[in-house]
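Single-structure report; data block below.
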Amino acid sequence: MNEFLPGATGRLRLSYGYLAVAFALLVSACGPASTQKPEATQPVADAVQPIDANATEPTRALLHNLHRLKEGGVMFGHQDSLAYGVEWWSEDGRSDVKGVTGDYPAVYGWEIGDLELGAEENLDGVNFADMQGWMKSGYQRGGVITISWHMNHPQTEQGSWITEPGAGELLPGGAAHHKLKAYLDTFAEFVSALEVETEAGERELVPVIFRPWHEHNGDWFWWGTRETSEQEYIQLWRFTVEYLRDEKGVHNLLYAFSPDRSRMNMEDFEQSYFYAYPGDDYVDILGFDNYWDLGHGSNDAPKAVNQVHLVESLEGVARLAAERNKVAALTEAGQDTLHEEDFWTQRLLPALMANEWTRQLAYAQVWRNANRAREQRDHFYVPYPGHPGIEDFIEFYEHPATLFEADLPDMYRINP
Ligand code: BMA
């Protein structure tokens, strides 16, 4: 792949050098930093090792470059961006982000719930073979792929939101352990089929940021707090990593941990963030999901309080990640139906740019733009053509620190 990817929009093609300058300008434009400076980091190449010692070269390079983005901007991500939008379904080349900005998101989120049942489509109706094609094309354009999994319970085959039973019987020695393994097998097969040909004619696998068992500190999934204990969760996570990596030989994954902000105590952030943390040897990316501080319908705190908490949570995760040489990311976020037209410039962007810690996040991903006709409802997170919030989103897109696909350096090669 080229050092600089084709600029689909005619925007400036950015190198790390350019990004560093832009970042310096940005810092000075933002006025005095509100917190102490991050400690000097070791050279990235020495500091960063994926938890999979046998990770493929492009996967290692991805982790390396995610670390470099600590100084280079924040990648914008969108769930299901290539599969459908509010007013279209399954049209090659289309994305609501592209429809509004001219460029694709830098991070593509995908959801594989129902793969484990042998279904052809995921729980939202996206065809799995098409999804694999979109993962490959996103990667070949230079984008970053991440997968979440609303897994049905392996014992009951009921959806992820059914909270009983918990994970107990799925663990090694449990009555349904073999069913968990069978479900993980479907995933191993799925990600091992993400093979593409390089410009040099070699075959390589698309690296994937895998984000299993998300929002586990909430009580809405069967792996959440209602029926799964902290120790069981840790075992579930560790087993997942060890099985995929050591038994199935899957080596194109980075692993992202992602508790939900709504269940974190801001007075004791570190402890609540690390509820059921499987350990540094099992996690590459310290993520978190935060809808709560972005205008969530059930949060009646005033916007100013939301904003303080949003900044504190971003900063908190960035600090914890820096201490452990991990990447920090906002793995899921957004405001459902964008009821505030200035959401991007008045909520998300100022928080991401608030200080030298919040600016270390490698990416921020918002959720999906559900298709209105199929789902018979409004459920979207980015403006689509015709939406009144377009201008504000374009301002966010034009900000030098927000990276869309055409802004990305080569994420899959390690350049000193
Ligand atoms: C949720 C909602 C659901 C969807 C699920 C998996 O947050 O968007 O409608 O089925 O994610 O994509």
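The values are calculated or read from the model by the stated rules, or taken from the named source; none is laboratory data. Worth saying up front: this structure is predicted, and the values here are computed from it rather than measured. Quick reminder, even Gly has a Cβ in these numbers, built from the backbone with ideal geometry, and neighbours come from all protein chains shown. With ligands, DNA and RNA removed, areas are computed over all heavy atoms of the protein, side chains included. Shrake-Rupley method; radii C 1.70, N 1.55, O 1.52, S 1.80 Å.
Some notes on this structure:
- Test: residue in segment 368-384 that is closer than 24 Å to GLU315 by Cβ, touching a residue at least 24 places away in the same chain (Cβ under 8 Å) and open to solvent by 20 Å² or more (accessible area, probe 1.4 Å): no
- Residue, farthest from the ligand (Cβ to nearest atom), within segment 89-119, restricted to residues that are out of contact with any helix residue (DSSP H, G or I) (no Cβ under 6 Å at 6 or more places or on another chain) and of a type in the set (Asp, Glu): ASP92
- Test for ILE209: is it within 16 Å of the ligand (Cβ to nearest atom), hydrophobic (A, V, I, L, M, F, W, C) and closer than 26 Å to ALA53 by Cα: no
- Of all residues in segment 128-148, those that are farther than 15 Å from LEU194 by Cβ and either open to solvent by 40 Å² or more (accessible area, probe 1.4 Å) or within 16 Å of the ligand (Cβ to nearest atom) (or both) total 1.
- The set of residues in segment 327-343 being open to solvent by less than 20 Å² (accessible area, probe 1.4 Å) and within 18 Å of the chain's Cα centre (by Cα) consists of VAL327, ALA328, ALA329, LEU330, THR331, GLU332, ALA333, GLY334, GLN335.
- MET411 satisfies every condition listed in (1) within 25 Å of ARG261 (Cα to Cα); (2) open to solvent by less than 50 Å² (accessible area, probe 1.4 Å) except (1).
- Among the residues making up segment 323-372, those that are within 15 Å of the ligand (Cβ to nearest atom) and among the aliphatic types (A, V, I, L, M) are ALA333, LEU338, VAL366, ALA370.
- Residues located in segment 241-270, provided they are closer than 20 Å to LEU63 by Cα, part of a helix (DSSP H, G or I) and in contact (Cβ under 8 Å) with a residue 40 or more places away in the chain: VAL241, LEU244, ARG245
Yes/no per residue for (1) closer than 22 Å to ASP378 by Cβ; (2) over 15 Å from the mean Cα position of the chain (by Cα):
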residue	(1), (2)
LEU63	no, no
HIS67	no, no
ALA83	yes, yes
VAL86	yes, yes
SER95	yes, yes
LYS98	yes, yes
VAL107	no, no
GLY125	yes, yes
GLY133	no, yes
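- Failed condition for MET75, given (1) assigned to a strand (DSSP E or B); (2) within 16 Å of the ligand (Cβ to nearest atom): (2)
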